[in-house]
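Below is one structure, written out as C-alpha cells; comments come after it.
The values are calculated or read from the model by the stated rules, or taken from the named source; none is laboratory data. No experiment lies behind these values; they were computed from the predicted model shown. Cβ coordinates were reconstructed from backbone atoms using ideal geometry, including for glycine residues, and neighbour counts include every protein chain displayed.
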There are 2 protein chains.
Amino acid sequence: MQTSEGQRSATRSSATQSSGSRTSSGREPVGPSREEVRVRRAPQRASYDAASVNAILDSGFVAHVGTVRSGVPFVIPMFYFRRGDELVLHGAAPAGTFRRAVSTEAGTPDGGTTDGGATDGGTTDGGAVSLCVTVTHVDGLVLARSAFHHSINYRSVVVMGEARPITDLAERRTVLDSMVDVLVPGRSRDLRPMTDKEVRGTSVMALPLATASAKVREGPPIDDEEDYDLPIWAGVLPLRTTYGEVVSDERLHGEVRVPEGVAGLVGGQL
Amino acid sequence: MQTSEGQRSATRSSATQSSGSRTSSGREPVGPSREEVRVRRAPQRASYDAASVNAILDSGFVAHVGTVRSGVPFVIPMFYFRRGDELVLHGAAPAGTFRRAVSTEAGTPDGGTTDGGATDGGTTDGGAVSLCVTVTHVDGLVLARSAFHHSINYRSVVVMGEARPITDLAERRTVLDSMVDVLVPGRSRDLRPMTDKEVRGTSVMALPLATASAKVREGPPIDDEEDYDLPIWAGVLPLRTTYGEVVSDERLHGEVRVPEGVAGLVGGQL
C-alpha cells in the first residue's frame, strides 16, 4: 500500500489546487486545500471530492484514529459515522493527547510548532484535539507475475483536523441515537431510551471533513510489459466482509423476535 | 470501541508489572514493560502475552501506521507481516516523520521531549522512526437493549516502538519473498525473480514487538440487569471477511492454471 502502490501525503511539495466548484453536498471539495492530505505516491489513485470521500466513509464504521502524546504517535480503533460535513467519533481523545483551546479563528492552525504548546493532562474538556482519522476497506489481493507488482486493492480515506468534543447534551443524545441507527437501521426506536446519566457519561467528538483525501486501488495487476509473456498465473483474489447469521442473546425476554432492521443485514455485504 | 468498551493506554498511571517468565517463542512477554501500551479502559479485555498478540497479528496483513510529522499525527494503511519478534512493514515512513539516529542504547527512549530533536527531512535513511502500528479485526455488532451498551466485537493489537529500515539487500530480498508468501502460500516460487533494481527500490521497515498489547471484545451484549426484563431483542450480528472467486488476469499467457496456493484460499476466511 506504500511505495509504488502507496498512500502518502506531503507538506512540502507544491500542489495543483483543485477548482473551487461546489459539490452537490454543498460543501467545498475536500483538499488539497491543505497540503497535509495531498497524495504524493501514486497520485493518479487519489481524489479529493466529497462524493468519493463520503462513499468510502459511509461503507464502514471503524476508523483508526491517530493522536500525538508527548511527541509520540498513538493509534486506536474507534467507532465513527459521517454526519454531513463532519465525522462523529465515539469516545474521547486518549489522555495526554495534544489539545489546544478551541479557537474561533477557523482554518488557521499553526501546524509545525504545535508541540510547543502541548498540554499533557488530557482533561481540558473544552479543547480541540489534533487528529488523523483513517478508514480503510481491503477489497482484494492483487497477485502479479513478479513480487514487486503484488499489491492490495483497497479504498481508504485520510482526514486530518481538529476535533471538538460534543458538549451539548441534547446534541450528544441525538448523535448517540444516530450511532446505533448507523449500525442497524431503525435500531434506536426499539431500545430503552438513554438516561441522562448515560448521555453525560459518553464522550463524542466531531471532526470536520474539510481536509480529507481518498485513495483507491482497483482492478487487475499491472505487470512489466515483458512479464506478460511468462507462463505465470496472475489475477485478483477478492475479499469481502459480510454479515453472518444472528446470534440472539440467551437472556431474551419471552417471545422477542429479531427486528427487521437486523434481519435485513444478514448475508449482506458491509 | 472507546469509553466503556474502549481501548486506551496511559502513560501516567501506575501499572502492575507482568511476570518475567519467557514464552514459548523465546521472547519476553510483551508489555506492560513500557507504560505506553498498558490498556486502562476496560483492562479486563487486555492481554500482553506474545501468544495473544501474535494470533491477532497473524490473522491480517493491513495495519494502520501512525507517525508524527511536525507535531501532527498521521495515519496510513500499510502491508505488514510478523517475522518472529518483529513486524515487517512494506514501505517507508512518510516524509517529514520524526526520526532519530539509530541508538545502541536499546530500551531507553527519551519520550516526552522527542519533538525537540525532530528532523523534518525524512531522508535520514539510517535513522529509526517512532511508530504506532495498530491492527484491528472487526468480528461483529453487539446489539444491546440500550444504546449505551451497544458495542463492537473486535480483536486489536497496538505496537509502539522505533522502526528501523531494512537496509541489507539480501535480508530485504528474503523479506520481500516472505511478503508474497504471507498473502498466498508458496507464491514466491511461482514468480519471476526480483531484480536487484526492484529490491533496491523497495523500502521495508522492521518494528520490534517488545511493546505491544492486545485487546479483545467477544461474546453477547452486557446489559444493565433491569433491562433484561424488557421485550427488546438483543444479540450479536457476526461479521466475517472471506475470499471470493478468483478473477484471472485477462492477459494470462496460454494455459496457465490457478495455482493451488491461490485456489486453496477461495471461500476461506481471512
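So A:Ser188 passes all but one of these: (1) touching a Leu at 6+ places or on another chain (Cβ under 9 Å); (2) without any contact (Cβ under 8 Å) to a residue 12 or more places away in the chain; (3) of a type outside the set (A, V, I, L, M, F, W, C); (4) under 29 Å from B:Gly60 (Cβ atoms). Which condition number does it fail?
All conditions pass for A:Ser188, except number (4).
Mind counting the residues in segment A:248-262 that are closer than 21 Å to A:Asp181 by Cα and surrounded by fewer than 14 Cβ atoms within 10 Å (Cβ to Cβ)?
2
I need the full set of residues from segment B:242-269 which are assigned to a helix (DSSP H, G or I) and at the interface with chain A (Cβ under 7 Å from one of its Cβ atoms), in order please. Step through it out loud before you land on a result.
Here is the first cut: in segment B:242-269, the ones assigned to a helix (DSSP H, G or I) are B:260-263.
Hit for segment B:242-269 is B:Val262, nothing else.
Looking at (1) in contact with a Ser or Thr (Cβ under 9 Å, 6 or more places away or on another chain); (2) within 11 Å of chain B (Cβ to nearest Cβ), which is the only condition A:Arg172 fails?
Result: A:Arg172 fails condition (2) only.
For segment B:1-114, please list each of the strands (runs of 3 or more DSSP E) lying entirely inside it that holds at least 1 residues being within 14 Å of chain A (Cβ to nearest Cβ), over 21 Å from B:Gly127 (Cβ atoms) and modelled with pLDDT of 60 or more.
B:62-69, B:72-83
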